[in-house]
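Here the structure comes first, spelled out in structure tokens, and everything after it is commentary.
The values are calculated or read from the model by the stated rules, or taken from the named source; none is laboratory data. Keep in mind that what you see is a predicted model, and the values were worked out from it rather than measured. Cβ: placed from backbone, ideal geometry, glycine included. Neighbour counts: every protein chain shown.
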Amino acid sequence: MDLDANRSLIATALGRIPGGDRAALQTVYRLTSAKLFGICLRILGEHGEAEDVLQEVYVTVWRKAADFDARRASPMTWLIAIARNRSIDRLRASRTRRHMEAIDVAADGADPTPRADAALEGVQEHAKLHGCLDGLASHERAALRRDFFDGSPYEDIATRLTGPLGTMKSWIRRAMFKLKACLEQ
């Protein structure tokens, strides 16, 4: 079949598709799918993606065949434009998807150091804590530091600070109440 006869057959089939003629779509597919697949494959570079886009092309042809105007373009020019545009859209979408995946992966490896505002808040809390600790009596401060900061048991604190066990517990308890009141201000 020569080029002009092919062009005429495709144009005629495209004209019948808006009426729901499935045989006309099959004719368009049979005469054009190899060329359109080649275009999709060349743009996308992946066989599976090209097949998916080719299917989208013929779905578009089925829905928009009424838009084809033989006075403005040849049938192949119109079909190639659809295939090209769908392929480029798919390529852009996959790049965006890959770009977003890269961003998501980067978020997983976020810098574990605290943000500046959190670090500043931590410094302020640290300064307040030390200010409140400095406001305690020296024996209460020493007992509290050994209990909480060193993790020493009460018996060891009593031995180190040379005092009775009950007294150490009282000092630590009073120091905790004073510290709590100071920090809540």
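Key figures
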{"item": "Of all residues making up segment 30-79, the number that are more than 35 Å from the chain's Cα centre (by Cα) and not in a helix (DSSP H, G or I)", "result": "7"}
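To keep it simple, each residue is scored yes or no on (1) at pLDDT 80 or above; (2) closer than 30 Å to residue 178 by Cα; (3) crowded, with 16+ Cβ neighbours inside 10 Å.
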position	(1), (2), (3)
83	yes, no, yes
88	yes, no, no
95	no, no, no
107	no, no, no
130	no, yes, no
134	yes, yes, no
154	no, yes, no
164	yes, yes, no
